[in-house]
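Since every read-out is calculated from the coordinates, none of them should be taken as a lab result. Nothing here was measured: the structure is a model prediction, and the numbers come from that model. Neighbour counts run over all protein chains shown; Cβ positions are idealised from the backbone, glycine included.
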Amino acid sequence: MRERFRVRGGARLVGEVSVVGAKNSALKLMAAALLAEGRTTLTNVPAIADVSIMAELLRSLGVDVCYDPPSGLVVLDVPGKIGHRADYRLVRALRASISALGPLVARTGAADVAVPGGDAIGSRGLDLHAAGLEALGASVHVSHGYLIATAPQGLTGTGIRLEFPSVGATENILTAAVLARGRTVIDNAAREPEIADLADLLVAMGAQVSGAGTSCIVVEGVEGLMPATHAVIPDRIAAGSWAFAATTTRGDLEVVGGVVEHLRAPLAALEQAGCTIETTRRGFRVAALDRPAAFDVATLPYPGFPTDLQPFAMAYNSVAAGSAMVTENLFEARFRIVQELARLGADAQVDGHHVMVHGVPVLSGAPVEASDIRSGAALVLAGLVAEGETLVSGVHHIDRGYPRFDEALRALGADVSREPDDDPWAD
């Protein structure tokens, strides 16, 4: 059943909100469990739809997956023999399913992974994934919509320099290299905290990995891995989302579990714009008691400003004092939110991969459509600072990244409700 959020404007979010485990880490950790026979246990896993999809994908490969959303516990019993074909039926709904590629090639010598779908935020080519596995000795090609990799004689460590610090490519090369013969050095590797979290699990499983979280990762291949227990790191994108929720609504929130070190760029930008940022014993506090100033944004790989927070910066700048330029350097389709914000009265003009935003005092409620996880959540925040009611369709996108988003907002003083979407034109 299609659903939407009915958002009534005028809310100022106040209180405390807890950050769940990182979506972009939990899914990759689940895939990494394929590397070892036996029971791997993950804790602090977010209760989101994407975890259920990944669980189904792993079950299709022969893994017994027990997922308990309320407790944040995922138990993966991996058999001695697993499948190697990740079917399009599941892959099309979850781009993170490509993270099964590296573990499958390393463990079974073969992987057939459907070219994935996911959010409508632009092209995300798999060339770097393929090139990395080929450098390790795999044969890789695309056939009938599947990325097929084979390495019947196993993989061999080597030096690999990524043309771009791709998170997904870094993860697949890393998970393949841990069982390769010899040493692998990944230069220009992605530096995101989620990469370090993946490496921590791999080390707990018996892998030899150093440098994760820096631009150079060194892997000494081992003959086999053991199952392990691991806690997922807090979700920095969710924490950043709540920071923008506070500042956009001129509220005051303590983000419990948020890690300031993971959000240096966006939090520094908000602080320079006149918002209050304080580290607390449990996380950090963000407040904007007056109308904050607009600020320029240019998305970059970590530790730069995250592309996943760009839609929130767009919504923030729409009602901030002054004008700002938002530049998207990573995904060309991430400006689809602009036309939806314009329906709410935002003054924003797109020019290539730039958007000039002129802040207005208040937005005006209207029906809008979410096209991906982050733009959907950002549109809900925009609705909170709009006069009247805003109907946000495409709630299934938001559910993929934010568990019970409407409930969390209501606990902070928002008037948001979930209802059936009776729009015959809705996706």
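For a test of the definition: using alpha carbon positions, the gyration tensor, and the 1.5 limit on a/c, classify the range 168-287 as rounded, prolate or oblate. Verdict is prolate for the range 168-287. Our coupling estimate for the range 366-377, obtained by passing each phi through the Karplus curve with A = 6.51, B = -1.76, C = 1.60 and θ = phi - 60°, is 6, x, 9, 10, 7, 10, 7, 4, 6, 5, x, 5 Hz, Gly and Pro reported as x.
Of the DSSP beta bridges with both residues in the chain, give the percent that are antiparallel, rounding to the nearest 5. The answer is about 70 percent antiparallel.
Applying a DSSP loop filter and a limit of 11 other Cβ atoms within 10 Å to the trypsin sites (Lys or Arg not before Pro) in the range 5-101 leaves Lys81. Kindly identify the range 23-228 as rounded, prolate or oblate by the Cα gyration tensor criterion: order the square roots of the eigenvalues as a ≥ b ≥ c, call it rounded if a/c is under 1.5, otherwise compare a/b with b/c, prolate if a/b is larger, else oblate. Rounded shape, in that the Cα axes give a/c under 1.5. FRET efficiency for the pair Ala298 and Asp415, taken as 1/(1 + (r/R0)^6) with r the Cβ-Cβ distance and R0 = 56 Å, rounds to 0.95.
Quick one: check the C-alpha center-to-center distance for the range 142-186 versus the range 283-315, whole angstrom. When both Cα centres are located, 34 Å separates them. Taking a spot 7 Å from the Cα of Arg291 along the direction of its beta carbon, which residues of the range 382-415 have an amide N less than 16 Å from it? Only 385-387 fall inside the zone, counting backbone N under 16 Å.
Mean residue ellipticity, 222 nm, helices only, the chain: the sum of -39500 (n - 2.57) across DSSP H runs of n ≥ 4, divided by residue count and rounded to 500, is -8500 deg cm²/dmol. Rounded to the nearest 10 degrees, the inclination of helix 310-319 to the longest alpha-carbon principal axis of the chain is 0 degrees. Which shape class applies to the range 335-394: rounded if a/c is under 1.5, otherwise prolate when a/b exceeds b/c and oblate if not, where a ≥ b ≥ c are the square roots of the Cα gyration tensor eigenvalues? It is oblate, given that a/c is not under 1.5 and a/b is not larger than b/c.
If the chain linking Ala366 and Ser71 were pulled fully straight, counting 0.36 nm for each residue of separation and taking away their Cα-Cα distance, it would gain 102.5 nm.
Between Arg181 and Val203, full extension at 0.36 nm per residue minus the direct alpha carbon distance yields a gain of 6.3 nm.
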